[in-house]
1. Averaged over every viewing direction, what's the projected area of the C-alpha convex hull for chain B? Give it in nm², one decimal, please.
2. Would you compute, from DSSP H runs of 4+ residues alone, the mean residue ellipticity of chain B at 222 nm, taking -39500 (n - 2.57) per run and dividing by the full residue count, rounded to the nearest 500?
3. Using only atoms on other chains, find how many Cβ atoms lie within 10 Å of each Cβ of peptide A:16-27 and report the average.
4. Given a Förster radius of 56 Å and the C-beta distance between B:Arg169 and A:Asp74 as r, what FRET efficiency does 1/(1 + (r/R0)^6) yield to the nearest 0.05?
5. Return the carbon/sulfur percentage of the accessible area of the range A:6-93, one whole number, probe 1.4 Å, all protein chains in place.
6. In Å, the Kirkwood hydrodynamic radius of the range A:6-93 over pairs of distinct alpha carbons?
7. What span do the alpha-carbon atoms of the range B:1-106 cover on each of the three principal axes, reported in whole Å from largest to smallest?
8. For the range B:1-109, what is the accessible area per residue in Å², given a 1.4 Å probe and the full set of protein chains?
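The values are calculated or read from the model by the stated rules, or taken from the named source; none is laboratory data. As the structure is a computational prediction, the values presented were derived from the model and not from experiment. Cβ atoms come from the backbone with ideal geometry, glycine included; neighbour counts cover every protein chain shown. Accessible surface is based on the protein model in full, side chains and every heavy atom, while ligands, DNA and RNA are left aside. Shrake-Rupley method; radii C 1.70, N 1.55, O 1.52, S 1.80 Å.
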Amino acid sequence: MTRPRYVARSTAIAARALGEETMVMSATNSMLFTLDEIASVIWESADGVTPLEQIVADKICTQYDVTLDVALQDAEALVKGLAEHGILLLSDEPLAFSGRSHKETP
Amino acid sequence: MSGLAAEMTAKALKMGIPLSVQLDLTYRCNERCVHCYLDHHDHGEMTTTEIKDLLDQMAEAGVFYLTLSGGEILMRRDFFEILEHARARTFCVKLKTNGVLLREAEAERVRALGVESVQISVYSHRPEVHDAITKMPGSLRQSIEAARLLRRHGLHVVLSNVLMVHNVRDYHGVKALAAELGAQFLMDPTITPMMDGDRSILALNVDEAALREVFRNEEVAGNVEEFCAPPRSFDEEDLDMLPCSAGHTACYVSPYGDVYPCVQFPLPSGNVRRTKFADIWRDSPQLKEVRSITLGDMPTCSRCTHGKTCTRCPGLAFMEGNMRGPSHQDCEKSYARTGIACENLQAKKAARQPLPSGPLVQIQIWQPAPCTMPANAPDSHGVDAGLR
C-alpha cells in the first residue's frame, strides 16, 4: 500500500474559475495554465489535508465513470506536473500551510 | 496576448465575464504630471472596507486580471492591506506606480505578495526632462531606484514611456534604461483628454512627423514593414466583430466607485456604492449599449479604407462626442503609420473644421490668459523650467 499524498494550492499563483475550467497563473514566471473540469475539481479540493486518493474517490469517481486506480494514476500525473511548475504543493505529509482559493476567507 | 490567454478571453466574452478590471485606488498623487488626465483632489475615495468588499464581489464575478492604479497607489496608507486582500482572492495583480514612495520594505512586500508586474512611468532618461514633466525634482532618480529594487527582488518591471512634445527625442534613452534594468519597455504615443472632458492637454501630443519617425523605428515598432503596411478596409465578415474589450471583458472602477467601460472611456455606467458590481456589469444600460456596437454599426469607420488596420479606440471616439464615430487621434496615428490619410482625416482637413487639438490650443496652454486657463492644466513655469 502506498503512502497517502497531500496536495495544496500554492499562494504564489493567481487563479479563477471560468465556467468549468480554471485559469491559473504562476506568480513567479507569469506562465498561464488552464485546468479542465476534472483537474479543476482536484484543484479546488487541494486543501493540504485531504489525501489525494480521497479527493479522487469522493470528487471524481462519484461523478465520472472511472475506476479509482485509473483516476488516481491520472491525478498523480496531473499534480506532479503542476507541482513541477510550483503552482501546487505536493507532500507525503499533511501540509500545515494550505493554499487559498477565492472562495475562502483569508 | 498568448494563445491560451486569447482563448480564455474569448471564453470570458462568450460567458459575459469581466475578466479584466483596472481599479484606481486614489486620484491623489505626489507628482503633477503635465499630461495627467485626472483631478488629484480627493472627492470621497472608497474606504478600505468598501474596497475589500468590492474585491470580493469582483472575484465572485470572475475578474482575473486586476490592475491597481491611480493617482499614486502608495499614497493610500491602506495600500498593502488592499493588495493583501486582492492576492488572498487570487487575482493576477498588476501595479501601476511612479515608485517614488517605494523602498526596500515595500519592494519586499510586493514580491512576497506575488504581484505579476509593476509598471513605473518613466518619461525620460534625463532628470531635467522627466522631473519637469512630473513637476517633482528628484522623481526620476527615485523612480529608477524603485525599479532597481523591484528587479533585485525578482519582480517583472515595466517602464512605461508616454510620448509627448517634451520628451519626443528621449524614448531611445528610456528603452536603453529599461534594458539596463532588465525591465520591459512600453511606449504609449497617445495623450488622452482629461476625465472631465477637458481636451487642452491634447496639445501635448507629438506631431504627425514625430509620430511617423517613432512608428518607423524598429526598436519601438518591431517589424516596420508590417506595422506601417498600407491600410486595409474591413471585409464583409469583419463587420459583426466587436471594437475592443472595453465593456465586453474589461472595465474600470474609479476611487469613488464609479464604473466605466474603460479608464479611457468615461461613460458613467453605475456606482458600486449603490449597486453590486455584478449587477452593474450585467444590467447597466450604458454597458449594454457599448456591447451592442459592432464594427458594422460605425457609419464612418465601417466603410473606412483603414478600418482593418486602424487602432481606433471607442473611448477616444466617445470623448470626441460619438462612441460610434471615428477617433480623430487614431485617424492621425493611422496616417502616421501608413502615410495615407483616411477619408475622415481628409474630410476634416478639407472642411478646415477645428480639430480637437491643434496649434491654437497649444498656444492657449503655453501662454495662457489667466482667466481662460483650465483649473488643472499645467502651468507654464513648471514645464518651461527644465525643458529649454
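1. 18.8 nm²
2. The helix-only estimate for chain B comes to -11000 deg cm²/dmol at 222 nm.
3. Other-chain Cβ atoms within 10 Å of each residue's Cβ, averaged: 6.
4. 0.45
5. Accessible surface attributable to carbon and sulfur in the range A:6-93 totals 50 percent.
6. 13.0 Å is the Kirkwood radius here.
7. 40, 31, 31
8. Here the residues of the range B:1-109 average 39 Å² of exposed surface.
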